[in-house]
Amino acid sequence: MKRISTLLLISFVANLTFAQEKKINEVNTFKVKNSGAILNKEKDVDGYYFFYELDKLKKGDREFAIQVLDKNLVEVAKKTYIDNKNTFLMKSSFNNQGIMFAMANFKEKKISLLSYDKKVNQLPTIDIPLESKEIRYIQYMQQTGDFNIIFPVENKGFIFNKFEDNKKIGYSLKYYPTDGGKSWEYNSPDDSKEMLAINPIEVNDKVIVALETSKPGLLSRKLTLKTKIIDVNTGVLLYEKEYSKNSKPRLINNAFLDKDNNVVLMGEYFKEGDNIIDDKSLGLFTEVVDLSGKTLKENFTSWKEDVAKIAKVSGNYIEDKGYIYFHNIARTKNNEYYAIGEFYKRTASAGGIALTTLSLLGGGGGGASVTQLTITNSVVFKFNSDFKLTGIQEFEKGKSRAPSLSDFGSPQLNAHALKAYGAFDYEYTQLDKTNDRFYACFIDYERLKGEKNKSAFKTIICDNGQLSEDKIYLKSDNNNTDFRVLPAKVGNVLLLEYDKKLKEINIHLEKINIK
């Protein structure tokens, strides 16, 4: 089970014969999210980067380090720089040409974009001023632990997504090139009477696919969704489509380009007149749209008619399993599609009920949610080249629990919101284009009879159209260490551990076995 709070120390129990290891010492402060994989042009792992605090200096300054390793954990470069103690890292990203770090400082009311090339040579810093309202929204984002603000454009540049303080609240997408191209901005209207936000769900070297949400006020339940397709080279809006309550109500989860550079949108569809905030979906949809906005093809997979042929279904709920949150779509060379997800249910929260009861008795604790999402097994839906459902395969996994953000509204909407909190066990999907494989990876917590419970890194492997599973057990020791798993060179996984007591980062490469 993936913990939202500080995670326990884990170390591999598996055979370390083929493991490669690296230790980084004298790390004063480190957050495991401040690290990442460097991908090459084929999106295979080429190395890793780490950002951490080295030392506390006089007058409130801090010494930070940025270190880059190659895919075999050999150091490529390490650079240090001095910054104020009030500065913190919001997000980092790599686009095959360079690394960008978004650093925020509320006291100085600014975000600084620090950029480095592959050899960690520093590029010009970009400072972006912040208004007081914008700072409040960023502070709210801090509670989730995830800042959805930097998106890499492969071998071209970076997209920076920022809240804008206008008549209500809006957004600004800013493009910063790394290949000598031109920068651009795409902004929401300054005079909008709606609260507007945008979330890029697919960014590639041709287009940005983004979901724009608008609502009259913060507590309003009237939500409008628009899908916007923006030319990544110019910032020009190619087209937009509105999926409203009375016109194709849909909740889009994934987007990607097909072999003909058409945009494929995937998600859940609802009955005309339904509100996606409250109502249950009818099934899954795919919509293929060209870059002029013309719908070329649509396909619908009904819970009642299509999924029910393979699994027991009650409404949009698979009996004894629950709803499904799909994290990613993997495509094979013969144009088969695999939707990778996890089952979840809305269940009662004993802790939330206790706090609410305490509040009613005058003891405080008000505002607690009395429901939670209980996340269970992994599941893979297989579709053919025409997006027709051809199979469902389930993989056992222990239960994870996350408190609902609200006891009202649909479980699906809660699941989408909780994704940003790290509530699910899914980690990443890695494609092996050479061998036409993919690896869908999860962290699991197994409750074992007659022995101590164990954490495990689990991988669902697709090889020659067949799905299998591999796992590497992890051993829990104490509370001094945070950990993270990252993709490694194809067929491997990287385990990162930060020991807060010893002030050191330990890194291991482990091989994934195909059955």
Legend entry - Amide N proximity, region 111-150 versus residue 80 label position 7 Å along Cα-to-Cβ, cut-off under 15 Å: none
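Report the net charge of residues surrounding residue 266, where surrounding means a beta-carbon distance below 12 angstrom and charges are Lys +1, Arg +1, Asp -1, Glu -1.
Neighbour charge sum, excluding residue 266 itself: -3.
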Legend entry - Rounded to 5, percent antiparallel among DSSP beta bridges of region 153-243: 100
Inset, instruction - Give the order of 242, 510 when sorted by the count of other beta carbons within 10 angstrom, beginning with the fewest. - result: 242, 510
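Within 10 Å, count the other beta carbons around each residue, average over each peptide in 66-73, 175-182, and list them highest first.
Values: 66-73: 18.1, 175-182: 15.1.
Per-residue Cβ counts within 10 Å, averaged per peptide and sorted highest first, yield 66-73, 175-182.
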Inset, instruction - Can you figure out the FRET efficiency of residue 473 with residue 292, using R₀ = 60 Å and their beta-carbon distance, to the nearest 0.05? - result: 0.70
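Where a number appears in this text, it was derived from the coordinates with a stated rule and is not lab data. All values derive from a computational prediction rather than experimental measurement. Every residue, glycine as well, gets a Cβ built from its backbone with ideal geometry; the counts of neighbours run over all protein chains shown.
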